[in-house]
Amino acid sequence: MSIFNKRTIKIILGLTIVCIFLVSVKIHLKSSQDSKFDYMEVKNVMPPWWAVSTNFSSKTSTIDKQIIHIMTVVNQTVPNVDFTDFKETTSAKYSTATIVDYKPTYCVGEDITVRVDMYNYLGEKKTYGGDFLRARIFSPNLAAGASGKIEDFRNGTYNVYFTLFWEGEMQISILMMHPSEGVSALWNSRNKGYKYIAYTGIFLNRSQEVQARCGLLWATQKEKCEYTDTKYGESFYCIRPPGVACEALISLKSENTPYTDLTNVQKKLFTSSNMGAEISKQVDVVKVWKCTRHYIKETAKCQTGMSPPFPSGYFLQNQWFPIYCNLFPFDPLIHIDKFLPGKRIYLMGDSTLRQWIEYFTQVQKSLTYFDDHGTGWHKTLVAIDVTNNLQIQWKKHGHPFVTQSFFNMKDHSYIANEIDRIGGGAYTIIVISVGHHFRPFPLDLFIRRVLNIRKAIENLFLRSPDTKVIIKSENTREINTDVERFSDFHGYVQYLLVKDIFKGLNVGVIDAWDMTTAYGSYDIHPPETVIKNEIRLFLSYIS
């Protein structure tokens, strides 16, 4: 007979559970204290995506816990400020930028620090941070540029760090994209619902087409069609037309609604003179020389699994040079026919990735589009080179897809589902880019999508670890394009989350945000120079 009676066993079990609970609470509190996600700093400081709080219902799914945790951290770091007088908000005109320990000349490879002090329109020093800034150095005559790394001290003062990558005269640009009060307004309005975009679906009722309202979240008493991916928890809805089957949905389009959450005072923050405004500097140009005591160290060949820093590289003579890895000693685009034969390349995402297949067919003349009789710019594109056994496909990502022209729903799928259907292997390459179409919607939708994609990639690597996967971040876009829906602030938060969520996977990263910032691009579809350099880096990853 056991020396422990039932009561003794219950006491031991109870004490064990209490100890485990206290340890878990201690770990959770330490994790919360250490969380330093900062949308103003391009650092991989987001708490691990799997580090979730313990205070959830037992019915809460793992991914929902991850989403809630990430949203909590971001909410704690994005400024939450209000104002009644426009003059109390940050003014680029009255703010100043000063080079710390300025010297008449510098050496290639040196770092410089620019201190930025923010003031309001009353000339008063700001006492809190959160302004959305963008910084770069550039030399127009050399077709050169590089991003600056921004540190927010949360007291109205910032440090901007630049590395001097090339010889010559460099200009400094520090832009206030949005004041902290504007950032707060954009963040709050974004996460209040799905009212910025409306969808119209077309159903086929025998030989007639019937239109109905659709959306990502639909509170209505009317009968509705629910299109749910049960594996990944993604849903989309349409009001069901009378007498028409839900399966008869054939196409969809979106439109920007007149809805706004901004007050008239807040709208003043987003006039053209208050966005992308240059902060005045005591010194606009620095002179850089080659010096024997400074040099840029050599790095290993570019390969998947590397985590690019920020900045991750620089432009010189319109050519991108990553600082964390080496490209080829020759231009890979000149020898592109040596890298692509036998490959199956799947481009999954938005129109910034569609630019890739357009460029591939432009430089690789043996590639020919296969006509699948689709219509519209958003149709699936397939290019084939029979001689070299090469296939490249671009396909748009699943809901939400934002476009004012109807797109086909017959082959709709989410990126995670597409990855699940690919066998993978040494000759299979997947490139993923999502972001721009998610900006008008609450951030938790984007977080769920990226976490689902990561899970699908993990499963892909289990069955085909030699598959190459490349993540292309979203890029900057126009400053004055419907800022409440599409501001680069929304994209920047997403960009940081993508970098963190995919960290630790054996994937290649193409930092399009860094590249377009360094280049000075303000176009949702970057110029060919940027696309060309994205593909140069891509070729280096897959060789």
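Would you point out the residue of segment 471-506, among those that are among the polar types (S, T, N, Q), open to solvent by 30 Å² or more (accessible area, probe 1.4 Å) and touching a Gly at 6+ places or on another chain (Cβ under 9 Å), that is modelled with the highest pLDDT?
First, the residues of segment 471-506 that are among the polar types (S, T, N, Q): 473, 475-476, 480-481, 487, 494, 506.
Checking the rest, the ones that are also open to solvent by 30 Å² or more (accessible area, probe 1.4 Å) come to 480-481, 506.
With the extra rule that they be touching a Gly at 6+ places or on another chain (Cβ under 9 Å), the set shrinks to 480, 506.
Numbers: 480: 82, 506: 98.
Per the stated criteria, the residue is 506.
Across segment 406-426, what is the total count of residues that are outside any strand (DSSP E or B) and surrounded by 15 or more Cβ atoms within 10 Å (Cβ to Cβ)? It would help to see each step written out before you state the result.
Within segment 406-426, the first condition is being outside any strand (DSSP E or B), and the residues that meet it are 406, 409-426.
Narrowing further to those that are surrounded by 15 or more Cβ atoms within 10 Å (Cβ to Cβ): 406, 409, 412-420, 422, 424.
Residues that pass the stated criteria total 13.
From the list 403, 375, 361, 387, the lone residue that is of a type outside the set (Lys, Arg), open to solvent by 20 Å² or more (accessible area, probe 1.4 Å), over 30 Å from residue 315 (Cα atoms) and in contact with a Phe, Trp or Tyr (Cβ under 9 Å, 6 or more places away or on another chain) is 375.
Across segment 324-352, the qualifying residues are those that are outside any loop (DSSP other than H, G, I, E, B) and hydroxyl-bearing (Ser, Thr, Tyr), and the one among them that is least open to solvent (accessible area, probe 1.4 Å) is 352. Apart from one condition, residue 189 fits all of (1) assigned to a loop (DSSP other than H, G, I, E, B); (2) crowded, with 17+ Cβ neighbours inside 10 Å; the exception is (1).
The number of residues in segment 453-470 being open to solvent by 10 Å² or more (accessible area, probe 1.4 Å) and not in a loop (DSSP other than H, G, I, E, B) comes to 8.
Checking each residue in segment 139-160 for being open to solvent by less than 40 Å² (accessible area, probe 1.4 Å) and not aliphatic (A, V, I, L, M) picks out 139, 145, 147, 148, 152, 156, 157, 158, 159. Tallying residues that are farther than 30 Å from residue 180 by Cα, without any contact (Cβ under 8 Å) to a residue 12 or more places away in the chain and not charged (D, E, K, R) within segment 264-303 yields 1. Scanning segment 267-283 for residues that are in a helix (DSSP H, G or I) and open to solvent by 40 Å² or more (accessible area, probe 1.4 Å) yields a total of 4.
The values are calculated or read from the model by the stated rules, or taken from the named source; none is laboratory data. These figures come from a predicted structure and were not determined experimentally. Positions of Cβ are generated from backbone atoms using ideal geometry, with glycine treated the same way; all protein chains shown enter the neighbour counts. Side chains are part of the model used for accessible areas, which takes the heavy atoms of the whole protein and leaves out ligands, DNA and RNA. Shrake-Rupley method; radii C 1.70, N 1.55, O 1.52, S 1.80 Å.
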